[in-house]
Amino acid sequence: MTVRKQEDSGFISLIPDLDMSDHTASLRYAGIIQYALMPDPEFLKGYLKDFFVLFLPRDIVSGDFYYAFYNKYKMCIAVGDCTGHGVPGALMSILGISFLNEILQSGADWKANRILNLMREKVMKALHQTGNCAETKDSIDIGLCIVDCSSGKLQYSGANRPLIMLRNRVLTELKPDKMTIGIAPLKEIPFTNNCVDITQGDSFYLFSDGFSDQFSEITNKKFKYKHFKRIIESVAGLPMAKQKEYLECSFKEWKGNAQQIDDVLVFGFQF
């Protein structure tokens with residue numbers, strides 16, 4: 001195994017030698033490929049005032065993914081949480097990223113809920129999901145934002161994943177639809193489109209459920225979503241890099257030596 005510094009993004013990664021007999025080396029290489037499909041930090045720096053990505057895969061490769069795409073005056077930002085983790089979750093995440101690219105590059109209307117509606121159709125078609133009980137129930141939970149940089153408006157649509165907004169140290173939660181991207185047990189209806197006027201200093205957070213679902217080594221209890229929101233509220237006003245540091249320390253302190261049960265992803269950003 002060789003260690004090589006990636007000069008363009010500044011992170012250290014393990015690049016396996018050509019001998020792929022070692023299973024862990026294979027997973028690490030797969031993780032590098034998956035990471036390469038997600039937005040480069042330098043790309044994000046060009047369009048976001050400040051941001052952080054806390055990305056802690058459970059099994060090297062991840063069922064969580066983050067996404068960004070820019071076209072003219074609009075930017076799409078999303079965080080997805082796929083069924084499972086490890087290799088199956090990573091394959092679903094690549095499917096999700098591919099479909100988002102396809103939709104946004106096709107010239108389709110850039111409405112957050114419209115994108116999720118189209119993405120659901122594509123996932124169901126790809127996995128041959130028709131509602132039969134014997135079919136695969138693989139799916140993607142996702143929070144997706146469209147920002148119009150010229151008008152200062154943000155659209156949000158969510159499939160089981162909310163959006164948190166901090167404005168003047170006050171936390172507001174935009175709730176998702178209780179539907180997933182993929183087959184659902186109830187009759188599927190269009191996703192909801194939420195609109196927000198952005199003001200200077202607003203912070204937004206998209207995230208998977210891995211942080212709040214983590215068990216503590218000491219109490220053997222979950223971190224829980226209410227506790228997670230309190231942590232987000234407590235870092236209001238700090239630079240995004242400091243927020244990431246605080247969140248990561250809080251997670252690791254809570255987890256201790258307990259097993260990490262799921263992938264963890266938090267994407268915080270400002271315009």
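Filter region 123-147 down to the residues that are assigned to a helix (DSSP H, G or I) and buried (at least 19 other Cβ atoms within 10 Å of the Cβ) and list them by number. Within region 123-147, Val123, Met124 meet the criteria. Which of the residues spanning region 43-96 are within 18 Å of Lys122 (Cα to Cα) and among the aromatic types (Phe, Trp, Tyr)? Once the filter is applied, which keeps residues that are within 18 Å of Lys122 (Cα to Cα) and among the aromatic types (Phe, Trp, Tyr), region 43-96 yields Phe65, Tyr67. The conditions of being in contact with a helix residue (DSSP H, G or I) (Cβ under 9 Å, 6 or more places away or on another chain) and not in a loop (DSSP other than H, G, I, E, B) are met by Phe269. Scanning region 148-172 for residues that are exposed (fewer than 13 other Cβ atoms within 10 Å of the Cβ), of a type outside the set (A, V, I, L, M) and touching a helix residue (DSSP H, G or I) at 6+ places or on another chain (Cβ under 9 Å) yields a total of 1.
Test Lys137 against the stated conditions and say whether it is free of Cβ contacts under 8 Å to residues at least 24 places away in the same chain and either assigned by TED's automatic domain parsing to the domain that holds Gln259 or under 18 Å from Pro176 (Cβ atoms) (or both). It is false that Lys137 is free of Cβ contacts under 8 Å to residues at least 24 places away in the same chain and either assigned by TED's automatic domain parsing to the domain that holds Gln259 or under 18 Å from Pro176 (Cβ atoms) (or both). Ser208 fulfils the conditions (1) under 25 Å from Lys45 (Cβ atoms); (2) of a type in the set (S, T, N, Q); (3) surrounded by fewer than 20 Cβ atoms within 10 Å (Cβ to Cβ) except for a single criterion, (3). Beta carbons closer than 6 Å, at least 6 apart along the sequence or on distinct chains, pair a first residue in region 189-216 that is of a type in the set (Val, Ile, Thr) with a second that is in a loop (DSSP other than H, G, I, E, B) for Ile198/Gly152; Ile198/Phe271.
This table checks each residue for (1) modelled with pLDDT of 95 or more; (2) of a type in the set (Ser, Thr, Tyr); (3) over 22 Å from Pro57 (Cα atoms).
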position: Gly201; (1), (2), (3): no, no, yes
position: Ser212; (1), (2), (3): yes, yes, no
position: Ser216; (1), (2), (3): yes, yes, no
position: Lys221; (1), (2), (3): yes, no, no
position: Lys229; (1), (2), (3): yes, no, no
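For Lys252, indicate whether it is in a helix (DSSP H, G or I), surrounded by fewer than 17 Cβ atoms within 10 Å (Cβ to Cβ) and in contact (Cβ under 8 Å) with a residue 60 or more places away in the chain. Taking the combined requirement at face value, the residue does not satisfy it. Scanning region 257-266 for residues that are in a loop (DSSP other than H, G, I, E, B) and either within 16 Å of Arg161 (Cα to Cα) or in contact with an Asp or Glu (Cβ under 7 Å, 6 or more places away or on another chain) (or both) turns up Asn257, Ala258, Ile261, Asp262, Asp263. The listed residues are Gly84, Gly80, and the only one of them that is closer than 20 Å to Ser208 by Cβ, out of contact with any Leu (no Cβ under 6 Å at 6 or more places or on another chain), at pLDDT below 90 and not β-branched (Val, Ile, Thr) turns out to be Gly84.
Counting only residues that are surrounded by 15 or more Cβ atoms within 10 Å (Cβ to Cβ), closer than 19 Å to Val170 by Cβ and touching a strand residue (DSSP E or B) at 6+ places or on another chain (Cβ under 8 Å), region 229-246 holds 5 of them. If the condition is being within 18 Å of Leu118 (Cα to Cα) and over 12 Å from the mean Cα position of the chain (by Cα), then region 77-104 contributes Met92, Ile94, Leu95, Ser98, Phe99, Leu100, Asn101, Glu102, Ile103, Leu104.
For the structure I just gave you, tell me whether Ser62 is assigned by TED's automatic domain parsing to the domain that holds Tyr205 and under 13 Å from Gln34 (Cα atoms). Criteria met by Ser62.
The values are calculated or read from the model by the stated rules, or taken from the named source; none is laboratory data. As the structure is a computational prediction, the values presented were derived from the model and not from experiment. Ideal geometry is used to build each Cβ from the backbone, glycine not excepted, and the neighbour counts take in all protein chains shown.
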